[in-house]
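The values are calculated or read from the model by the stated rules, or taken from the named source; none is laboratory data. Please read these numbers as outputs of a predicted model, since none were measured by experiment. Glycine also receives a Cβ, built like all others from the backbone with ideal geometry; neighbour counts cover every protein chain displayed. Surface areas here come from the heavy atoms of the whole protein model, side chains and all, with no ligands, DNA or RNA. Shrake-Rupley method; radii C 1.70, N 1.55, O 1.52, S 1.80 Å.
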Amino acid sequence: MIMMTNRQWLMTGAVVVLLLMLPLFLPNFWLANILGRAMVYGIVALSLTFLAHYGGFISLAQTMMAGVAGYAVAMMAPTAIPLGPLAMSYGYAIPLAVLAATLTGALVGLIAVNTREIYLLMITLALAVGFSLFAQSNTQWFRGYEGIRNIVGPEVFGMPFRTHLVFYYVALITAVLMYLLVLYVVRTPFGLALQAVRDSARRTSAIGFSVALHRIGAFALAGFIAGCGGVLITFYNIGITPSSIGLWPTVAVLIMAVIGGLGHPLGAFLGALIYAVMDTFASSIIGHDRFNTLIGLVFLTIVLISPDGVWGIGKRLAGLGGGKEPITDPVAKLTAGGK
């Protein structure tokens with residue numbers, strides 16, 4: 001289990017302060033299309049990192065959960081084109097969309113609760129691809145290939161959501177809240193039990209904890225996090241289509257999480273930032289037809305150099321751990337009352 005030292009908290013706080021001040025120095029393009037984009041996609045990658053690091057299982061259904069939230073807010077948006085029968089104010093549409101993603105996460109957890117490793121990957125991938133194909137073929141609710149457009153988001157303090165500063169700060173605040181939520185949850189009895197399940201499901205079950213319920217609960221929480229990211233991504237893209245939740249976006253989220261580092265929640269945002277920069281500028285470096293090749297080479301290089309991603313590289317260079325991390329036993333912590 002990751003224990004944040006005082007130095008790490010100070011450095012994290014310094015990074016947040018720096019991010020709050022960046023609009024004073026950076027042009028709008030970098031605020032919205034690089035940093036803002038990295039944060040909203042990083043939230044979805046964070047949901048995958050949470051499951052992988054603290055639950056011990058990698059889910060490829062996180063883009064699907066984000067897509068459920070995206071389609072839900074789009075179908076209820078008062079500005080949608082075409083306007084749907086469920087149209088309501090964004091104040092109601094956004095929480096309902098996140099709730100839909102949370103329930104979807106719980107459903108995915110219920111379906112995949114007894115699967116492990118490659119079987120879990122295949123089931124979650126099948127669910128993700130199946131949802132994308134369903135959205136593509138459904139014209140009544142999801143509008144098929146065209147999707148739903150003009151999802152511009154609510155006004156914030158009288159300013160349009162699409163204003164660069166508004167989008168950037170909302171994305172930043174949401175990303176910080178999701179990050180702190182994960183750090184808080186993993187220290188609660190639920191989080192300790194989840195890590196105990198990861199380390200030894202049989203041992204955790206023997207002391208009276210339900211392995212299945214904790215796994216389903218983890219997927220539900222991951223669905224909540226992915227749903228928050230999915231709503232913001234829909235606002236960023238001003239709409240949603242089946243291609244935005246298909247196979248490649250699913251793989252892209254996995255790439256973000258892996259190159260950033262699955263060993264810490266910050267890795268999701270580091271990976272998303274690297275991916276956003278590469279995705280934006282790779283075509284001008286190597287050409288439009290081969291820009292995915294450059295992204296793939298960067299991915300392979302980082303993984304070969306550091307299996308725990310950029311976070312692992314930075315941790316070793318900066319000496320953030322101050323030596324070896326203390327070995328913790330989640331089961332022992334549970335039996336000691338979480339102390």
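Structure data summary
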| item | result |
| --- | --- |
| Loop sites in region 82-169: GluC sites (Glu not before Pro), DSSP, at most 16 other Cβ within 10 Å | GLU155 |
| Cα-centre dipole for region 144-291 with unit charges at Cβ (Lys and Arg positive, Asp and Glu negative), debye to 20 | 500 debye |
| Percent of Cα pairs exceeding the 19 Å cut-off, where the set is region 258-311 | 27 percent |
| Estimated distance in nm for a label pair at ALA212 and LEU317, the labels positioned 7 Å out from Cα along Cα-to-Cβ | 4.7 nm |
| Region 17-167: C-alpha gyration tensor shape, a/c 1.5 cut-off, then a/b vs b/c | oblate |
| Prolate/oblate/rounded call for region 118-258, Cα gyration tensor, a/c under 1.5 rounded | oblate |
| For region 15-82, the fraction of alpha-carbon pairs in successive 5 Å shells from zero, as % | 4, 13, 15, 15, 16, 16, 14, 5, 1 |
| Cα gyration tensor of the chain - equivalent ellipsoid semi-axes, whole Å, descending | 31, 25, 20 |
| Whole-percent carbon and sulfur share, accessible surface of the chain, 1.4 Å | 70 percent |
| Inter-probe distance in nm under a simple model that places probes 7 Å from Cα toward Cβ, at ASN114 and PHE190 | 2.5 nm |
| Net dipole in debye of region 6-243 [+1 Lys, Arg Cβ; -1 Asp, Glu Cβ; about Cα centre; nearest 20] | 400 debye |
| Per residue accessible area of region 126-220, 1.4 Å probe, in Å² | 51 Å² |
| Neighbour count of at most 10 Cβ within 10 Å plus DSSP loop: longest chymotrypsin sites (Phe, Trp or Tyr not before Pro)-free window in the chain | 158-339 |
| Mean ellipticity per residue at 222 nm, deg cm²/dmol - from DSSP H runs of n ≥ 4 across the chain, formula -39500 (n - 2.57) | -21500 deg cm²/dmol |
